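One structure is given here, and the rest of the page talks about it.
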Amino acid sequence: MIRKEQANYKVSEALNGIEMVDAHYQKQTFSKHVHEGYTIGVIEQGAQRFFRSGENHIADENSIILVNTDDVHTGEAASEGGWHYRAIYPTPEHFALISNDLIGGSSLIPYFRDSVIHDKRIASQLRLIMNQIEEGASVLLVETLIYSTLLALATKHGHTQELPKDIGVNSNKLRLAKELLDAHPEIDVSLEVLATIAGCSKYHFIRQFGKSFNISPHAYQIQVRLIKAKQLLKAGVSIADVSHDCGFHDQSHFTRHFKKALGTTPRQFQLQAISYKN
């Protein structure tokens, strides 16, 4: 039986900090959201249904879920009783660091076209990494395991991805608008400002932003606010201050979005992150 809704986050000191989660869900439904890093998870029990890259996917027991940085995705149970999964969240910088150390460049940063893969060897390696993080293994051991596993995953299953070219709006200008949201998530920026940066009408900006990034500008702004909120929570900033500093209307508004995207409350996340660091 899957335990009731529970998500335990830990942060390893390996590679200057890498997150992992051990989660059990029965009724949790994740709305469309993004992460600042990749999601690489193993389904330990049950099955999960999720949207990614324009399609719905089902990951069953022992399969590996792959979600790229900035991939808009959802999540819900696809089996009676829910699902249990464990995942790590390496960032593009982690892949770049490994690539630079091993081959002297950043060409290793991957794009995973497949949302679900079945690879027993890599699944075993991922489980070993997460077991060692949970047991408090040395940074040296965890980093050694991560290096070999991410290298194998990127070279065997990774590809490259570019912003779609035929979007009707200059792709560089569209990226500039997105980068403004990334850099200043707390600002209540207007649609007019973003459309002006992209050099198109407000209506056209909404359509082309959604077409290119698979999420509306407003929904994307919520996600980058949550990314900033996680960083502040890890640093020990009070939840009330985090809510204000990240541009949410109030603390309840912040908590609602946080739990909807991450499956846990800001307070629970902060307590787990800080206790692990100490």
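Looking only at the range 42-52, decide whether some residue is within 21 Å of residue 211 (Cα to Cα), touching a residue at least 40 places away in the same chain (Cβ under 8 Å) and touching a His at 6+ places or on another chain (Cβ under 9 Å).
Within the range 42-52 (the criterion being within 21 Å of residue 211 (Cα to Cα), touching a residue at least 40 places away in the same chain (Cβ under 8 Å) and touching a His at 6+ places or on another chain (Cβ under 9 Å)), the answer is yes, since at least one residue qualifies.
Need at least 3 residues that are touching a helix residue (DSSP H, G or I) at 6+ places or on another chain (Cβ under 9 Å) per element, so show me which strands (runs of 3 or more DSSP E) inside the range 1-103 make the cut, counting only ones lying wholly within it.
Counting at least 3 such residues, we get 6-12, 18-25, 30-33, 39-46, 83-89.
Within the range 10-29, which residues are modelled with pLDDT of 90 or more and in contact with a Leu (Cβ under 9 Å, 6 or more places away or on another chain)?
21
Is it the case, given these coordinates, that residue 175 is touching a Pro at 6+ places or on another chain (Cβ under 7 Å) and of a type in the set (D, E, K, R)?
It is false that residue 175 is touching a Pro at 6+ places or on another chain (Cβ under 7 Å) and of a type in the set (D, E, K, R).
Counting only residues that are open to solvent by 20 Å² or more (accessible area, probe 1.4 Å) and polar (S, T, N, Q), give me the helices (runs of 4 or more DSSP H) lying completely in the range 183-278 with at least 3 of them.
251-262, 266-277
Tell me, please, whether a residue that is at pLDDT 95 or above, outside any loop (DSSP other than H, G, I, E, B) and either of a type in the set (Ser, Thr, Tyr) or under 26 Å from residue 5 (Cα atoms) (or both) can be found in the range 110-117.
yes
How many of the residues in the range 3-18 are open to solvent by less than 20 Å² (accessible area, probe 1.4 Å), in contact with a strand residue (DSSP E or B) (Cβ under 6 Å, 6 or more places away or on another chain) and of a type outside the set (Gly, Ala, Ser)?
Of the residues in that region, 2 qualify.
Provide a single number: the residues in the range 64-84 that are within 21 Å of residue 211 (Cα to Cα), in contact with a Ser or Thr (Cβ under 9 Å, 6 or more places away or on another chain) and of a type in the set (Asp, Glu).
So the answer is 1.
Within the range 142-162, can one find any residue that is in a helix (DSSP H, G or I) and farther than 30 Å from residue 63 by Cα?
No, there is no match, as no residue in the range 142-162 is in a helix (DSSP H, G or I) and farther than 30 Å from residue 63 by Cα.
Tell me which residues, restricted to the range 114-155, are open to solvent by 40 Å² or more (accessible area, probe 1.4 Å), in contact (Cβ under 8 Å) with a residue 12 or more places away in the chain and closer than 22 Å to residue 10 by Cα.
125, 127, 128, 134, 139, 143, 147, 148, listed by residue number.
The values are calculated or read from the model by the stated rules, or taken from the named source; none is laboratory data. The structure presented is a predicted model; accordingly, all values stated were derived computationally and were not measured. Glycine also receives a Cβ, built like all others from the backbone with ideal geometry; neighbour counts cover every protein chain displayed. For accessibility, only protein heavy atoms count, side chains too; no ligands or nucleic acids. Shrake-Rupley method; radii C 1.70, N 1.55, O 1.52, S 1.80 Å.
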